[in-house]
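A quick write-up on the structure given underneath.
Readers should treat all values here as calculations from the given coordinates under stated rules, not as data from a laboratory. Note that this is a predicted model, so its numbers are computed, not measured. Glycine also receives a Cβ, built like all others from the backbone with ideal geometry; neighbour counts cover every protein chain displayed.
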Amino acid sequence: MRLELAEYHRDLALFNMAIDSKLRGCDLVKRKVVDVLASGQIREPASVLQNKTQKSVRFEISEGTRTSVGKWMEYELMVGSEYLWLGRFHERLHISTRQYA
């Protein structure tokens with residue numbers, strides 16, 4: 001609720017996605033836009049390959065998560081971005097697991 005009131009769209013979307021997916025931090029920060037977005041719509045079921053186990057994990061994206069990810073995708077830096085969670089510095093493609101923690 002506090003993230004929503006403060007309008008921290010990235011943090012709220014990241015938090016919600018972590019809860020829905022139950023992925024490890026290293027797998028979550030490397031998610032690409034195509035993992036959750038298809039034809040301009042947030043996917044309801046998503047499927048990702050875990051780095052540690054090399055197993056495919058399928059999870060449902062809840063309505064609240066779809067809303068928060070949608071708001072995050074409207075952010076101007078996300079236009080044309082490959083990764084879902086941008087790094088703070090331009091040389092990093094996505095946030096690090098330390099930033100996630």
Give me the residue from the stretch 22-37 that is without any contact (Cβ under 8 Å) to a residue 40 or more places away in the chain and within 16 Å of residue 62 (Cα to Cα) and, out of that set, surrounded by the most Cβ atoms within 10 Å (Cβ to Cβ).
23
Of all residues in the stretch 1-16, count the ones that are part of a helix (DSSP H, G or I) and either touching a helix residue (DSSP H, G or I) at 6+ places or on another chain (Cβ under 6 Å) or charged (D, E, K, R) (or both).
9
Which one of these does residue 46 not meet: (1) under 22 Å from residue 101 (Cα atoms); (2) buried (at least 18 other Cβ atoms within 10 Å of the Cβ); (3) small (Gly, Ala, Ser)?
(1)
